[in-house]
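What follows is calculated from the coordinates using simple rules that are stated; it is not laboratory data. Model, not experiment: these values are computed from the prediction. Methodologically, a virtual Cβ is constructed for each residue, glycine included, from the backbone with ideal geometry; neighbour enumeration extends over all protein chains shown.
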Amino acid sequence: MHNKVCNLPADEPFAPAEEQKLIMLVDDDPIFRNVTKNFLTAQGYKVVEAEDGLDGLKRLRECVPDLILCDLSMPVLDGLEFVEEVSLEYPSLPTIVVSATEDISDVAKALRFGIKDFLPKPISDHRNLANSIENTLDDSFDRLSEQRDFATQWFRVDNGDVPEEQELHWHLKYLKKNPNAAKELLHALLPEADSSQGVWKVNYRLLQSTDMMPMVFDYAWLMNGQLAFYLVDSGSHETDGASTTLLVRALFHDYLRQLKNFSADLKDLAYLIEKGLTCSSSVNPVKALFGLVDVSAGTMSILPAGLESQWSNDQLTQHIAAGLDLGENCVKNFMTKDLPVGQQCRLSLSRLGSSSFSLDIVQDTQPKQ
């Protein structure tokens, strides 16, 4: 798959080339590198070492590994800069970040560059590292690496199923014990505020108190021009809001990835997510909302799941009741269909003193110059 072969020391253990994977270990701590290399070698991997980000980029030009394991806090070229460069030059190369807990804000930034997983440093149980590497390499081998993000990696979702024995519990326990870290991660999930598809423009605004667990919005354009989106209030469950939101994100993108006819259905999406929620002991019902914009038909559909909202265009306004929460059989809620987008429309909700959200869909009718 790679067009360059690394020249490793002669005393490296032998294994068939098609079985033995190469891992690049980028860390300025020689003790950590030595311990981790010995563990990975015992697991049957080849390992090439780099002492900082700049050294890592130089070695990447000599050979391309199957996976990168890197620190964030390094001299010369730090981990964030290294991860960004790798994402630009080698976009299909999976990367796992190892970070000290105080670097969680940097980890959140690194998520923007497509890292597949992160582990708190020091690594107290190397089985967690082994599981993370194995899962990431499996995805890469199945050509899923570019489609799965870190949330999907944690839960290993597949068609809405979350096998309990495959869930990576140490991440979720860490988030429960560190609510500030959970907040930063969830804020890092928010997509770009502006997006467009043809003549359609999308913009959202999300204002909220920094003292509370955040609301998380996400969206995706589909092949047929549909725009699917959701909004989850991660603070609507005191202890499991963050992990539930991460699972919703994973299941949402898994559903879109599995679409056979490229046409989304909100009831199917909600059913799949609620099915997935029953497979994990680390999640609970939360307040949410799902939506679908069909730009070819010029319509929007809304399925509430515990969040009350208001839709409006230039001529009409409609209140959408909250209904049952996500995880409490929200598929029974009334779905408002075929709301006319017209030239522009807005979906909004506001909770006094805590948060407000608005999503604007606008059709740009101005002729191109």
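Here are the numbers for the structure shown:
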{"item": "C-alpha center-to-center spacing [region 228-263, region 55-78] in angstrom", "result": "32 Å"}
{"item": "Test item: Cα-centred dipole of region 22-146, Lys/Arg +1 and Asp/Glu -1 on Cβ, debye", "result": "300 debye"}
{"item": "For region 307-324, Karplus couplings with θ = phi - 60° (6.51, -1.76, 1.60), whole Hz, Gly/Pro x", "result": "10, 7, 9, 9, 10, 8, 10, 5, 10, 10, 9, 9, 8, 10, 5, 5, x, 6"}
{"item": "Size of electric dipole in region 193-363: Cβ of Lys, Arg +1 and of Asp, Glu -1, about Cα centre, debye, nearest 20", "result": "260 debye"}
{"item": "Of PHE118, ASN34, SER73, farthest towards positive along the dipole that unit charges on Lys, Arg, Asp, Glu beta carbons give region 22-146", "result": "ASN34"}
{"item": "Highest average packing first - 327-337, 211-221, Cβ atoms within 10 Å", "result": "211-221, 327-337"}
{"item": "Length gained when the stretch LEU324-ASP338 is fully extended (0.36 nm per residue, less Cα-Cα span)", "result": "2.9 nm"}
{"item": "Stretchable slack from ASP29 to ASP360, in nm (0.36 nm times residue separation minus alpha-carbon distance)", "result": "114.3 nm"}
{"item": "Dmax and Rg, reported as Rg then Dmax, of region 22-146 (C-alpha, Å)", "result": "13.0, 35"}
{"item": "Stretch gain in nm, segment ASP125-LEU88, where the contour uses 0.36 nm per residue and the Cα spacing is subtracted", "result": "10.2 nm"}
